[in-house]
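Throughout, read-outs are computed from the coordinates displayed, never taken from laboratory work. Note that the structure is predicted; figures quoted are calculated from it, not measured.
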Ligand SMILES: O=C(O)CCC(=O)C(=O)O
Ligand SMILES: [Fe+2]
């Protein structure tokens, strides 16, 4: 049988998916992670009841104006719509986290995502690498700074609401996150794919964050529950709060960190802005004491810098939560 040669992953990752699509290239083998079945491009959305969405009541009002949500979507689109040479001014190497490109090289044999991204640390402020923040569109920096400030407010509202829903002291989760909690912005660009039945925009994973706040412009994100994928509906003024593994630990397993993925679409592209909210570096987190009792024994240990452990497993397409189990 003739050998089928594929460029090394490093080489593939040094090229953007968006570029391949512009050149009409078909996905190469490392991007192919689906069997060619089970693709549903219908516009109608499946039952979404298990997905918590912060919007107007009966959810929680997030307090961010519709115009700011439009602006952040707009500057993201404008950034990705630019020629490669402009975007490459912010290019990351294939091992870096911050900057424009793809995720760092996964361990051998793992599939690649059919998407590009720009990843930036926004809090604590001294972690900002402004040389990687796009200068075009010119309003990018101002809009991201404004959005990040507002996101901090959303994390306060959300963390308190979650504590109260469990009858806990309202600041308990905020204290665990710490004053130097981290916030990272990940701008995801999902190019269309001629073969959405073969690739995924983002492979199935759970987040290693405390939680992640997602804004999207099109459907594509799916959450796994009881073995079934649920599509998150499109709602221009809604933010989706997705629990990460660290919130599952702090809530002693009450809040579940769901596996999710992004499917590709043959006709349209998609933008999402995911804000990763993670406890302060070096800070130990643990299940809240008041959530541990005879009926609900402690199921998670104390952990520190769990996001690092999470990343090591993510690179191997595995979850890390078991490492925190008692
Ligand atoms: O694009 C999305 O809606 C989800 C992104 C996501 O899951 C992530 O960046 O971890
Ligand atoms: Fe995610």
Helix 66-80 sits off the longest principal axis of the Cα atoms of the chain, rounded to the nearest 10 on a 0 to 90 degree scale, by 40 degrees
Taking only the alpha-carbon positions of the chain as identical scatterers, the Debye log10 I(q)/I(0) at q = 0.07, 0.16 Å⁻¹ comes out as -0.28, -1.55
Once normalised by the length of segment 170-268, the mean sequence separation of its alpha carbon contacts under 8 Å that are 6 or more apart gives a contact order in percent of 38 percent
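Just want to confirm a number: the relative contact order over segment 192-326, from Cα pairs under 8 angstrom separated by 6+ residues, in percent.
Values: 268 pairs, mean separation 40.8, N = 135.
Contact order relative to length: 30 percent.
Determine the percent antiparallel among the DSSP beta bridges restricted to segment 65-202, to the nearest 5.
Details: 10 of 11 bridges.
So the antiparallel bridges amount to about 90 percent of the total.
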The relative contact order of the chain, taking Cα pairs under 8 Å that sit 6 or more residues apart, comes to a percentage of 20 percent
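Once you wrap a convex hull around the alpha carbon atoms of segment 103-143, what is its projected area averaged over all directions, in nm²? Please list the in-between numbers first.
Values: hull surface 17.4 nm².
Computed as one quarter of the Cα hull surface, the answer is 4.3 nm².
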The whole-number value in µm²/s of the Stokes-Einstein translational diffusion coefficient for segment 199-326, with Rh from the Kirkwood sum over alpha carbon pairs at 10 °C and 1.306 mPa s, is 102 µm²/s
Here P(r) for segment 118-275, Cα-Cα distances in 10 Å bins, as whole percents, is 10, 35, 35, 17, 3, 0
